[in-house]
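The values are calculated or read from the model by the stated rules, or taken from the named source; none is laboratory data. Being a predicted model, the structure only gives us computed values, none of them experimental. Cβ placement follows ideal geometry from the backbone for every residue including glycine, while neighbour counts extend to all protein chains displayed.
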Amino acid sequence: MKLKYISDINPATGKVFAKIKCSTPKEIDRAVKKAREAQKNWGALSLAQRSRLLEACAKDFVREKENIGRLITNEMGKLYKNAVGETHAVAYGIRETIQQAKTALKTEMLQEENLVTELHRTPIGVCAVITPWNFPVSMPESLLSPALIAGNTVVFKPSEMVPLTGKAIYDIFNKHLPPGVINLVQGADEVGSYLINSNIDMIAFVGSQAVGKIIMKAAGDKLKRLVLELGGKDPMIVLNDADIDKAASFAVNASLRNSGQVCVSVERIYVQDKIADKFTKLVAEGVKNYRYGDGYDESAQMGPLVSERQRKNVIEQVKDAVKNGAKLVTGGGIPKNKKGYFMEPTLVTNLNHKHKIMREETFGPVVAVQKVKTEDEAVKLANDSPFGLGATIWTKNKKKGVELARKIESGMIGVNQGIGSVSGTPWVGIKQSGFGFIGSVEGIRQFTVPRKISYRK
Ligand code: ADP
């Protein structure tokens, strides 16, 4: 493999602060072999036994939240307070999985006259878990916990942008689980590619659509099972009768949070013509006042982008839009007084679907606004995308909002709010945003295969 070491760069300074050795093919093979050997015993434990061990991991995430929070901020630039919050929430995620597993993994005893069928939910085997950098503990947790609780063993490859955070996650799980149940490999695309083509049974992946498609192809040869979460291009629809202050404030925060590097951030806004000017003015104020800085700066609302490459992509999308007739209301540039990969919070208007920024994932601190005439036009444009992850609709007429929501081709839709939903429901994308889902009873069952044993009474 070409890349021998990952250079761990602090995006707030642009400086390399650590070098992490990439796993070799031999090491990856060994990790898979260890996972395979450990799987039988791990899968044979009772759910209560596995739950107890995972609960011990949950406690450690709370205990370690400041240390892991620092790693996250140093590696990918997220605000420290959010990084600590994310790590704390991992404990909640693990505990929710433990609870849901009681239903998800229960053996069902079915009977029809004197015919009995036992329906068992058995582990699939060895699962590769490959994750991105934008939520570097919560994304891994959302795949590791269901895979493990269901009795699978795991080979975990964190993103090459956050190798030390990945190692910290591995250390906690590995401290409490039997040897070989979780295994860590480090590296970028070559390591990921080697891993998905190795002797594993399942791939659970969160990342880009492009890599998701590579994974699905690779899975074909041995019919490896898949769970894929592949990002989105979430629309926000603001109707003439919306609460304009609330909608504008949501537009700003949901577009800029985590520097826009959120798979369910607002990526494109369709605002109806009667309120478009007023809405845009409010959004412009919000964007101009949005404070950015180092992740440890307590007054900052967002940090830098994760990498030079990421920033370049975002700035190119903005430039392309402006070159093709869009209006740059504010931002769009690189702040002069800062090192690292900062970008000014940006508002672009006068957009339409000829602009790349309305079609391709931006993943940056940009609010993108297009004016529309009718509700139907807004829905049509919202659905004019290969993605279908989240969406929001803003109108004081809740009934109409819910009716329109049913026409939106997305997995998670909020009416006058973000996509936050009742706990126990899955995180789910449709169309090319995903294949399978995360969380919930059904989500856990994806990491199992049903098997039946039948006999006469
Ligand atoms: P992002 O740009 O958001 O990190 P990617 O899809 O590029 O999204 O990366 C997500 C994860 O997939 C990372 O851990 C990355 O190393 C891994 N990855 C990248 N290319 C491949 C590949 N060809 N096969 C398997 N994993 C890959």
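Quick look at the values:
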{"item": "Verdict on ILE413 being farther than 30 Å from VAL126 by Cα and assigned to a strand (DSSP E or B)", "result": "yes"}
{"item": "Selection within the range 166-193 - within 12 Å of the ligand (Cβ to nearest atom) and crowded, with 20+ Cβ neighbours inside 10 Å", "result": "GLY166, VAL185, GLN186, GLY187, VAL191, GLY192"}
{"item": "Positions within the range 203-215 being crowded, with 17+ Cβ neighbours inside 10 Å and either in contact with a Phe, Trp or Tyr (Cβ under 7 Å, 6 or more places away or on another chain) or charged (D, E, K, R) (or both), in sequence order", "result": "GLY212, ILE215"}
{"item": "Residue within the range 77-98 that is outside the structural domain of SER299 (by TED's automatic domain parsing), free of Cβ contacts under 8 Å to residues at least 40 places away in the same chain, farther than 29 Å from MET302 by Cα and not charged (D, E, K, R) present", "result": "no"}
{"item": "Residue in the range 75-85 that is modelled with pLDDT of 95 or more, more than 19 Å from the chain's Cα centre (by Cα) and not basic (Lys, Arg) present", "result": "no"}
{"item": "Failed criterion for GLY151 (all others in (1) outside any loop (DSSP other than H, G, I, E, B); (2) over 29 Å from CYS22 (Cβ atoms); (3) not polar (S, T, N, Q) hold)", "result": "(1)"}
{"item": "Among residues of the range 122-146, those that are away from the ligand (no atom under 16 Å from the Cβ) and surrounded by 20 or more Cβ atoms within 10 Å (Cβ to Cβ), counted", "result": "5"}
{"item": "Qualifying residue in the range 103-120 (condition: touching a Phe, Trp or Tyr at 6+ places or on another chain (Cβ under 7 Å) and more than 24 Å from SER159 (Cβ to Cβ))", "result": "yes"}
{"item": "Count of the range 194-218 residues which are hydrophobic (A, V, I, L, M, F, W, C), more than 19 Å from LEU144 (Cα to Cα) and either near the ligand (Cβ under 7 Å from one of its atoms) or touching a helix residue (DSSP H, G or I) at 6+ places or on another chain (Cβ under 7 Å) (or both)", "result": "4"}
{"item": "Candidates LEU239, LEU226, filtered to the one that is outside the structural domain of ILE408 (by TED's automatic domain parsing), in contact (Cβ under 8 Å) with a residue 24 or more places away in the chain and either touching a strand residue (DSSP E or B) at 6+ places or on another chain (Cβ under 6 Å) or more than 18 Å from LEU347 (Cα to Cα) (or both)", "result": "LEU226"}
{"item": "Residues (of a type in the set (D, E, K, R), part of a strand (DSSP E or B) and buried (at least 24 other Cβ atoms within 10 Å of the Cβ)) located in the range 218-238", "result": "GLU229"}
{"item": "Hits in the range 308-359 - residues which are among the basic types (Lys, Arg) and within 22 Å of SER385 (Cα to Cα)", "result": "LYS319, LYS354, LYS356, ARG359"}
{"item": "From ASP201, ASP241, residue being within 18 Å of LYS157 (Cβ to Cβ) and in contact with a Lys or Arg (Cβ under 8 Å, 6 or more places away or on another chain)", "result": "ASP201"}
{"item": "Top-ranked residue of the range 371-397 - restricted to ones that are away from the ligand (no atom under 16 Å from the Cβ) and hydrophobic (A, V, I, L, M, F, W, C), ranked as farthest from VAL428 (Cα to Cα)", "result": "VAL372"}
{"item": "THR425 being assigned to a loop (DSSP other than H, G, I, E, B), under 26 Å from VAL206 (Cα atoms) and polar (S, T, N, Q)", "result": "yes"}
{"item": "Test result for ALA368, farther than 17 Å from THR280 by Cβ and away from the ligand (no atom under 16 Å from the Cβ)", "result": "no"}
